[in-house]
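Chemist: One structure is given below, represented as C-alpha coordinates, and several questions about it will come after.
The values are calculated or read from the model by the stated rules, or taken from the named source; none is laboratory data. Worth saying up front: this structure is predicted, and the values here are computed from it rather than measured. Cβ: placed from backbone, ideal geometry, glycine included. Neighbour counts: every protein chain shown. Each accessible area value is taken on the protein alone, full model and side chains, heavy atoms only, with ligands, DNA and RNA left out. Shrake-Rupley method; radii C 1.70, N 1.55, O 1.52, S 1.80 Å.
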Amino acid sequence: MNKRKNFIAGNWKMNGTLDTISEISKIDKLSEGYEGDIALCLPNTIISKANENISHKKLLIGAQNCHHEESGAYTGDVSAKMLKDAGAKVIIVGHSERRQIYKETNEIISKKAESIINSDLLTIICIGETEEEKNMGLTSTTVCTQLKNSMPSISNETNTVVAYEPIWAIGTGRIPSLKEIEVVHKELRSLVSKIKGIDTANKMRFLYGGSVKPNNARDIFDLTDVDGALIGGASLKSDDFMGIINVC
Ligand code: PGA
(Lines give C-alpha, C1' and ligand atoms only; values in the text may rest on other atoms or scores of the structure.)
Protein backbone atom coordinates (compact mmCIF):
# COMPACT_ATOMS: atom_id res chain seq x y z
CA MET A 1 0.00 0.00 0.00
CA ASN A 2 1.23 3.52 -0.78
CA LYS A 3 2.36 5.64 2.11
CA ARG A 4 0.18 8.74 2.32
CA LYS A 5 1.56 12.11 3.33
CA ASN A 6 -0.13 13.52 6.42
CA PHE A 7 -2.28 16.58 5.98
CA ILE A 8 -3.16 19.03 8.73
CA ALA A 9 -5.57 21.81 7.82
CA GLY A 10 -6.79 24.64 10.02
CA ASN A 11 -10.22 26.13 9.47
CA TRP A 12 -10.39 29.64 10.90
CA LYS A 13 -14.10 30.01 10.08
CA MET A 14 -15.27 33.64 10.49
CA ASN A 15 -12.28 34.60 12.62
CA GLY A 16 -9.23 36.64 11.76
CA THR A 17 -8.43 40.18 10.69
CA LEU A 18 -5.22 41.82 9.52
CA ASP A 19 -3.93 42.00 13.08
CA THR A 20 -3.85 38.18 13.23
CA ILE A 21 -1.38 37.88 10.33
CA SER A 22 1.45 37.68 12.88
CA GLU A 23 -0.08 34.42 14.22
CA ILE A 24 -0.06 33.03 10.66
CA SER A 25 3.60 34.04 10.21
CA LYS A 26 4.40 32.23 13.47
CA ILE A 27 2.66 29.05 12.27
CA ASP A 28 4.49 29.39 8.96
CA LYS A 29 7.92 29.57 10.61
CA LEU A 30 7.22 26.80 13.12
CA SER A 31 5.86 24.43 10.48
CA GLU A 32 8.81 24.60 8.11
CA GLY A 33 10.39 21.36 9.28
CA TYR A 34 7.19 19.30 9.22
CA GLU A 35 7.15 16.51 6.64
CA GLY A 36 3.43 16.46 5.84
CA ASP A 37 1.22 19.09 4.23
CA ILE A 38 -0.15 21.98 6.26
CA ALA A 39 -2.88 24.41 5.26
CA LEU A 40 -4.68 27.29 6.92
CA CYS A 41 -8.11 28.01 5.46
CA LEU A 42 -8.72 31.66 6.24
CA PRO A 43 -11.40 34.28 5.75
CA ASN A 44 -11.15 35.56 2.14
CA THR A 45 -10.28 39.06 3.38
CA ILE A 46 -6.86 38.06 4.72
CA ILE A 47 -5.77 35.42 2.18
CA SER A 48 -3.74 37.82 0.09
CA LYS A 49 -2.01 39.47 3.05
CA ALA A 50 -1.29 36.09 4.64
CA ASN A 51 0.38 34.98 1.41
CA GLU A 52 2.62 38.04 1.46
CA ASN A 53 3.73 37.13 4.97
CA ILE A 54 4.71 33.48 4.59
CA SER A 55 7.88 31.82 3.28
CA HIS A 56 6.00 29.45 0.90
CA LYS A 57 8.21 26.59 2.06
CA LYS A 58 5.46 24.58 3.71
CA LEU A 59 2.29 26.37 4.70
CA LEU A 60 -0.52 26.50 2.13
CA ILE A 61 -3.06 29.27 2.46
CA GLY A 62 -6.64 28.31 1.68
CA ALA A 63 -10.29 29.37 1.75
CA GLN A 64 -13.43 27.85 3.27
CA ASN A 65 -16.01 28.06 0.49
CA CYS A 66 -16.54 29.36 -3.04
CA HIS A 67 -19.24 29.71 -5.68
CA HIS A 68 -19.34 26.96 -8.29
CA GLU A 69 -19.43 29.32 -11.28
CA GLU A 70 -16.31 31.10 -12.46
CA SER A 71 -17.96 34.56 -12.66
CA GLY A 72 -21.35 36.17 -13.12
CA ALA A 73 -24.29 37.84 -11.41
CA TYR A 74 -23.88 36.30 -7.94
CA THR A 75 -23.76 39.29 -5.62
CA GLY A 76 -21.47 38.76 -2.66
CA ASP A 77 -19.95 35.51 -3.89
CA VAL A 78 -16.42 34.65 -4.97
CA SER A 79 -15.29 31.88 -7.31
CA ALA A 80 -12.45 29.38 -6.98
CA LYS A 81 -10.62 31.25 -9.73
CA MET A 82 -10.85 34.50 -7.73
CA LEU A 83 -9.61 32.81 -4.58
CA LYS A 84 -6.72 31.38 -6.56
CA ASP A 85 -5.99 34.94 -7.70
CA ALA A 86 -5.82 35.98 -4.05
CA GLY A 87 -3.35 33.17 -3.35
CA ALA A 88 -5.51 30.26 -2.16
CA LYS A 89 -4.10 26.80 -2.88
CA VAL A 90 -6.84 24.80 -1.20
CA ILE A 91 -10.57 25.34 -0.62
CA ILE A 92 -12.87 23.56 1.82
CA VAL A 93 -16.35 22.61 0.58
CA GLY A 94 -19.33 21.05 2.28
CA HIS A 95 -18.47 22.01 5.84
CA SER A 96 -21.45 21.12 8.04
CA GLU A 97 -21.94 24.81 8.86
CA ARG A 98 -22.42 25.46 5.12
CA ARG A 99 -24.67 22.41 4.76
CA GLN A 100 -26.80 23.33 7.77
CA ILE A 101 -26.91 27.13 7.85
CA TYR A 102 -26.81 27.76 4.09
CA LYS A 103 -28.66 24.58 3.11
CA GLU A 104 -25.94 23.47 0.71
CA THR A 105 -26.77 20.16 -0.93
CA ASN A 106 -24.45 17.37 -2.02
CA GLU A 107 -25.15 18.39 -5.60
CA ILE A 108 -24.00 21.99 -5.09
CA ILE A 109 -20.99 20.85 -3.07
CA SER A 110 -19.99 18.54 -5.91
CA LYS A 111 -20.20 21.45 -8.37
CA LYS A 112 -18.09 23.61 -6.07
CA ALA A 113 -15.47 20.88 -5.72
CA GLU A 114 -15.43 20.48 -9.49
CA SER A 115 -14.84 24.21 -10.01
CA ILE A 116 -11.98 24.13 -7.48
CA ILE A 117 -10.34 21.17 -9.21
CA ASN A 118 -10.81 22.84 -12.61
CA SER A 119 -8.96 25.85 -11.18
CA ASP A 120 -6.04 23.54 -10.37
CA LEU A 121 -6.56 23.84 -6.64
CA LEU A 122 -6.96 21.21 -3.96
CA THR A 123 -10.38 20.69 -2.42
CA ILE A 124 -11.23 19.35 1.04
CA ILE A 125 -14.71 17.81 0.91
CA CYS A 126 -16.36 17.61 4.35
CA ILE A 127 -18.96 15.09 5.42
CA GLY A 128 -20.39 14.12 8.79
CA GLU A 129 -23.47 12.92 10.66
CA THR A 130 -25.66 14.72 13.20
CA GLU A 131 -25.96 13.39 16.74
CA GLU A 132 -29.46 12.19 15.95
CA GLU A 133 -28.23 10.21 12.95
CA LYS A 134 -25.45 8.72 15.07
CA ASN A 135 -27.93 7.67 17.76
CA MET A 136 -30.13 6.05 15.13
CA GLY A 137 -27.19 3.99 13.84
CA LEU A 138 -27.12 5.96 10.60
CA THR A 139 -23.54 7.25 10.65
CA SER A 140 -22.26 5.01 7.90
CA THR A 141 -25.26 5.46 5.59
CA THR A 142 -25.20 9.23 6.09
CA VAL A 143 -21.52 9.82 5.44
CA CYS A 144 -21.30 7.36 2.54
CA THR A 145 -24.31 8.97 0.83
CA GLN A 146 -22.80 12.41 1.36
CA LEU A 147 -19.43 11.39 -0.02
CA LYS A 148 -20.85 9.51 -3.00
CA ASN A 149 -22.93 12.52 -4.02
CA SER A 150 -20.58 15.38 -3.18
CA MET A 151 -17.40 14.04 -4.74
CA PRO A 152 -17.25 14.99 -8.43
CA SER A 153 -16.23 12.44 -11.05
CA ILE A 154 -12.96 14.32 -11.67
CA SER A 155 -11.86 13.89 -8.02
CA ASN A 156 -8.70 11.89 -7.48
CA GLU A 157 -6.00 11.48 -4.84
CA THR A 158 -4.06 14.54 -5.95
CA ASN A 159 -6.91 17.06 -6.17
CA THR A 160 -9.21 15.90 -3.35
CA VAL A 161 -8.93 15.30 0.38
CA VAL A 162 -11.91 14.04 2.39
CA ALA A 163 -12.64 15.26 5.93
CA TYR A 164 -14.93 13.23 8.18
CA GLU A 165 -16.35 15.60 10.79
CA PRO A 166 -19.17 14.34 13.03
CA ILE A 167 -21.32 17.44 13.48
CA TRP A 168 -21.84 16.74 17.19
CA ALA A 169 -18.07 16.74 17.72
CA ILE A 170 -17.43 20.15 16.18
CA GLY A 171 -16.54 22.72 18.81
CA THR A 172 -17.99 20.58 21.62
CA GLY A 173 -14.91 18.91 23.12
CA ARG A 174 -16.51 15.51 22.42
CA ILE A 175 -15.11 13.02 19.93
CA PRO A 176 -16.21 9.56 18.76
CA SER A 177 -14.31 6.59 20.15
CA LEU A 178 -11.12 5.75 18.27
CA LYS A 179 -12.78 2.56 17.10
CA GLU A 180 -15.70 4.55 15.66
CA ILE A 181 -13.37 6.92 13.83
CA GLU A 182 -11.40 3.99 12.42
CA VAL A 183 -14.55 2.18 11.26
CA VAL A 184 -15.92 5.25 9.45
CA HIS A 185 -12.60 5.98 7.76
CA LYS A 186 -12.32 2.37 6.58
CA GLU A 187 -15.85 2.51 5.18
CA LEU A 188 -15.14 5.76 3.36
CA ARG A 189 -11.97 4.38 1.85
CA SER A 190 -13.73 1.25 0.71
CA LEU A 191 -16.49 3.39 -0.85
CA VAL A 192 -13.86 5.36 -2.79
CA SER A 193 -12.33 2.05 -3.82
CA LYS A 194 -15.67 0.95 -5.28
CA ILE A 195 -16.17 4.24 -7.12
CA LYS A 196 -12.65 5.05 -8.22
CA GLY A 197 -10.63 1.90 -7.80
CA ILE A 198 -8.35 0.58 -5.12
CA ASP A 199 -5.29 2.53 -6.22
CA THR A 200 -7.01 5.91 -5.84
CA ALA A 201 -8.60 4.80 -2.57
CA ASN A 202 -5.25 3.77 -1.12
CA LYS A 203 -3.66 7.07 -2.09
CA MET A 204 -6.52 9.42 -1.14
CA ARG A 205 -6.19 11.22 2.18
CA PHE A 206 -8.96 11.07 4.78
CA LEU A 207 -8.86 13.55 7.65
CA TYR A 208 -10.73 13.47 10.92
CA GLY A 209 -12.22 16.74 12.22
CA GLY A 210 -14.14 17.74 15.35
CA SER A 211 -12.55 18.81 18.65
CA VAL A 212 -9.03 17.74 17.70
CA LYS A 213 -6.69 19.14 20.37
CA PRO A 214 -3.02 18.63 21.26
CA ASN A 215 -4.03 16.10 23.94
CA ASN A 216 -6.10 13.77 21.71
CA ALA A 217 -4.35 14.20 18.36
CA ARG A 218 -1.73 11.47 18.77
CA ASP A 219 -4.24 8.66 19.31
CA ILE A 220 -6.33 9.83 16.36
CA PHE A 221 -3.31 10.12 14.05
CA ASP A 222 -2.20 6.62 15.02
CA LEU A 223 -5.30 5.13 13.37
CA THR A 224 -4.43 3.34 10.13
CA ASP A 225 -6.93 5.07 7.89
CA VAL A 226 -6.60 8.56 9.35
CA ASP A 227 -4.19 10.74 7.37
CA GLY A 228 -4.46 13.96 9.34
CA ALA A 229 -7.00 16.40 10.68
CA LEU A 230 -9.19 19.39 9.93
CA ILE A 231 -8.95 21.66 12.94
CA GLY A 232 -11.19 24.56 13.91
CA GLY A 233 -10.74 26.20 17.32
CA ALA A 234 -7.28 24.79 17.98
CA SER A 235 -5.91 26.22 14.72
CA LEU A 236 -6.44 29.83 15.76
CA LYS A 237 -3.49 29.96 18.13
CA SER A 238 -0.04 28.93 16.95
CA ASP A 239 0.76 27.13 20.23
CA ASP A 240 -2.26 24.84 19.99
CA PHE A 241 -1.93 24.28 16.26
CA MET A 242 1.78 23.50 16.51
CA GLY A 243 1.06 21.26 19.50
CA ILE A 244 -1.09 19.14 17.17
CA ILE A 245 1.39 19.25 14.29
CA ASN A 246 4.21 18.20 16.59
CA VAL A 247 2.48 14.94 17.52
CA CYS A 248 1.51 14.12 13.95
P1 PGA B 1 -13.31 22.22 15.94
O2 PGA B 1 -13.89 22.49 14.46
O3 PGA B 1 -11.90 21.70 15.76
O4 PGA B 1 -13.34 23.57 16.60
O5 PGA B 1 -14.18 21.23 16.58
C6 PGA B 1 -13.61 21.63 13.40
C7 PGA B 1 -14.25 22.15 12.13
O8 PGA B 1 -15.35 22.73 12.20
O9 PGA B 1 -13.69 21.97 11.04
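Chemist: Collect the residues in the stretch 1-19 that are more than 17 Å from ASP227 (Cβ to Cβ) and either crowded, with 18+ Cβ neighbours inside 10 Å or within 16 Å of the ligand (Cβ to nearest atom) (or both), keeping them in residue-number order.
Modeler: TRP12, LYS13, MET14, ASN15, GLY16
Chemist: When the residues of the stretch 217-238 are narrowed to those that are surrounded by 16 or more Cβ atoms within 10 Å (Cβ to Cβ) and among the polar types (S, T, N, Q), which ends up farthest from ALA201 (Cα to Cα)?
Modeler: SER238
Chemist: Please go through the stretch 164-181 and give me each residue that is in contact with a helix residue (DSSP H, G or I) (Cβ under 8 Å, 6 or more places away or on another chain), open to solvent by 50 Å² or more (accessible area, probe 1.4 Å) and either assigned to a loop (DSSP other than H, G, I, E, B) or of a type in the set (Lys, Arg) (or both), ordered by number.
Modeler: GLY171, ARG174, ILE175
Chemist: Inspect all residues belonging to the stretch 79-90 and state whether any of them is touching a helix residue (DSSP H, G or I) at 6+ places or on another chain (Cβ under 9 Å) and within 15 Å of the ligand (Cβ to nearest atom).
Modeler: yes
Chemist: Could you check the stretch 91-112 and list, in sequence order, the residues that are out of contact with any strand residue (DSSP E or B) (no Cβ under 8 Å at 6 or more places or on another chain) and away from the ligand (no atom under 16 Å from the Cβ)?
Modeler: Result: LYS103, THR105, ASN106, GLU107, ILE108, SER110, LYS111.
Chemist: Give VAL226, VAL184, VAL192, VAL212 a once-over and let me know the one that is in contact (Cβ under 8 Å) with a residue 40 or more places away in the chain, among the aliphatic types (A, V, I, L, M) and assigned to a loop (DSSP other than H, G, I, E, B).
Modeler: Result of the check over VAL226, VAL184, VAL192, VAL212: VAL226.
Chemist: Further, regarding this structure: Within the stretch 183-201, identify whether any single residue is of a type in the set (Lys, Arg), more than 16 Å from the ligand (Cβ to nearest atom) and more than 28 Å from ILE117 (Cα to Cα), and answer yes or no.
Modeler: Scanning the stretch 183-201 turns up no residue that is of a type in the set (Lys, Arg), more than 16 Å from the ligand (Cβ to nearest atom) and more than 28 Å from ILE117 (Cα to Cα).
Chemist: Okay, next question. State which residue is nearest to CYS144 (Cα to Cα) when the search covers only the stretch 64-104 and only residues that are touching a Leu at 6+ places or on another chain (Cβ under 7 Å) and of a type in the set (A, V, I, L, M).
Modeler: Residue satisfying both the conditions and the ranking: ILE91.
Chemist: Taking the stretch 64-117 on its own, how many of its residues are in contact (Cβ under 8 Å) with a residue 24 or more places away in the chain, assigned to a loop (DSSP other than H, G, I, E, B) and either closer than 22 Å to ILE170 by Cα or over 18 Å from the mean Cα position of the chain (by Cα) (or both)?
Modeler: Going through the stretch 64-117 one residue at a time, the tally reaches 8.
Chemist: Quick check: is even one residue across the stretch 148-163 part of a helix (DSSP H, G or I) and open to solvent by 20 Å² or more (accessible area, probe 1.4 Å)?
Modeler: Yes, the stretch 148-163 contains a residue that is part of a helix (DSSP H, G or I) and open to solvent by 20 Å² or more (accessible area, probe 1.4 Å).
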